[in-house]
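Please read the structure below before turning to the comments.
Just so it is clear, none of the values below were taken in a lab; they were calculated from the coordinates. Note that the coordinates shown come from a computational prediction; the quantities given were computed from them, not determined experimentally. Note that we place each Cβ from the backbone using ideal geometry, even for glycine, and neighbour counts take in every protein chain shown.
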Amino acid sequence: MIEGIVAVAIVFILFTVVAQLAIALLAHQAAEAAVASAARQASLRPGLSEEELLSDLRATVPGAGHIEAGLANDGRLSLAWATFEFSPPGPMLRSFVFSVEAEVPVVVAP
């Protein structure tokens, strides 16, 4: 009887860890997509603000906190980056710190 209860507890803990890792991976992928989109938009219209990138990240990655983001444009390349702390839902086992960046060439008129 005790072995069955221990087995169920171990399976529950393993399931929780795997679920949190999967959610963290999805959050990282969503952040990469948001940052890449901001870099592409900044290459097309240089007036894109960091506030737009922050609002995109907040909308795309629920659970993200302490977000730092930036945009840079040097005439040839447009760079967007973000660093944030992600706390997955459920029992708080661990929070993750992610850092993503993307750069694209600036689009110029022929």
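Numerical summary
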read-out	value
Cα long-axis angle, helix 2-44 against the chain (0 to 90 degrees, to the nearest 10)	0
Efficiency of FRET between residue 19 and residue 45 - r from beta-carbon atoms, R0 25 angstrom, step 0.05	0.05
Label-point separation in nm, residue 66 to residue 106, each point 7 Å along Cα→Cβ	3.4
Listed residues 79, 23, 5: farthest to the positive end of the dipole of the range 2-105 (Cβ charges)	5
Gain upon complete extension [residue 29, residue 9; 0.36 nm per residue less C-alpha separation]	4.2 nm
Folded to 0 to 90 degrees: helix 50-60 orientation relative to the chain principal axis, Cα	30
Rounded to the nearest 20 debye, dipole of the range 2-105 from Cβ charges on Lys, Arg, Asp, Glu	160
Normalised per residue, the volume of the convex hull around the Cα set of the chain (Å³)	85
Loop-located trypsin sites (Lys or Arg not before Pro) in the range 1-101, at most 12 other Cβ atoms within 10 Å (DSSP)	76, 94
Contour excess over end-to-end distance, with Cα ends at residue 95 and residue 83 and 0.36 nm allotted per residue	3.0 nm
